[in-house]
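What follows is a single structure, written as structure tokens, with notes after it.
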């Protein structure tokens, strides 16, 4: 019923998902898009709740009373990752305004590649199987059971998208009034917002119709790979259109508010009642069903419009309500990437413990989410004080920035700061060992 639950799923200027584009400047003047920053923070907070709730569903005793939970999880999973990829594309557009191709690609390799390799070989024990982990890293669509990067598939896909879409990105940067962007602006100027409401979801639906029948879409692979690539590209093109994009957002806000709940219910009904198995996830051809049928086409169209309308809905309301500065926003933005990297290691242990003691699912969900949220912030506070561990978790910054953080800010003697820095590196090493032990212990408890 719910799309693959293994899909896993951040700066003072607008940044892409998981800080994948640093120090964004908005075009030629210092405009701040606080709404995109806030959306990134909110969506990653929801990610932690979502993963805890979804991976602990085995504890639930399904009944009609649980229908709202399944509805929320199922519907949310259709648009939350899509929205994050759109934000990534928007952040890329901001970043490229002040970077050439070489700098951009080098930065992508560093900001995304280093945490990815750290995750593969350390956080997911790849150092003990370096050959198979390396093969899996360079295998196209290895499958969720064989991919060596776990929930960091998001970083993996972003790195690939950043490379293969870079010719389009630099075409738009070098020719902002070229044929491509003139076409985008014309679409955005169509009456009633029809361009932004119809063209992207129809392209997404075409992707689903053509590719979904053949393989199950999971964690950004198979047909989902091209789907999220499109969301990433759409985000880049929309924000590159500048004021035309924000103008149409205002125009479609109320219509979307009316249409999205209807689409959500329609999506849920089709997903639950279709005679074609996995109609929203794909791969039904291998189960003996025709690759193309009326219900498959309808489901792909509904799915694409549903997810795209959700994205535009949250962006439109965020533009109206959240484009305001906050003293906590820069801090929370910096926290998104490292908390994303470590959150799955902290998720499974409370799930295993609460399941073993038979705790009620909803109590477990509330307590577990609080525990994981607290745990990831503790990890962030440790790592941001550790100079040489910061890049491993996607945090930029030199020792000067660390010296502005307590307790370094209270210490003036260089030798004492050096001693504290060494101590923090040992603490970070212990934190990583603890994260690995959490995975091991949770697996052991689950097998009891």
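The values are calculated or read from the model by the stated rules, or taken from the named source; none is laboratory data. Nothing here was measured: the structure is a model prediction, and the numbers come from that model. Please note: Cβ atoms are built from the backbone with ideal geometry, for glycine as well, and neighbour counts cover all protein chains shown.
Could you tell me which of the residues 363, 371 is under 22 Å from the mean Cα position of the chain (by Cα) and either surrounded by fewer than 22 Cβ atoms within 10 Å (Cβ to Cβ) or modelled with pLDDT under 90 (or both)?
None of the others qualify; the one that does is 371.
Only one of 122, 87, 114 is at negative phi, at pLDDT 90 or above, surrounded by fewer than 20 Cβ atoms within 10 Å (Cβ to Cβ) and under 18 Å from the mean Cα position of the chain (by Cα); which?
Result of the check over 122, 87, 114: 114.
Would you confirm, using the coordinates I've provided, whether residue 220 is under 22 Å from residue 291 (Cα atoms) and at pLDDT below 95?
The answer is yes for residue 220.
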Kindly indicate whether any position in segment 429-448 is over 20 Å from residue 123 (Cβ atoms) and either outside the structural domain of residue 66 (by TED's automatic domain parsing) or at pLDDT below 95 (or both). yes
Would you mind finding the one in 77, 34 that is in contact with a helix residue (DSSP H, G or I) (Cβ under 9 Å, 6 or more places away or on another chain), modelled with pLDDT of 85 or more and under 28 Å from residue 269 (Cα atoms)? 77
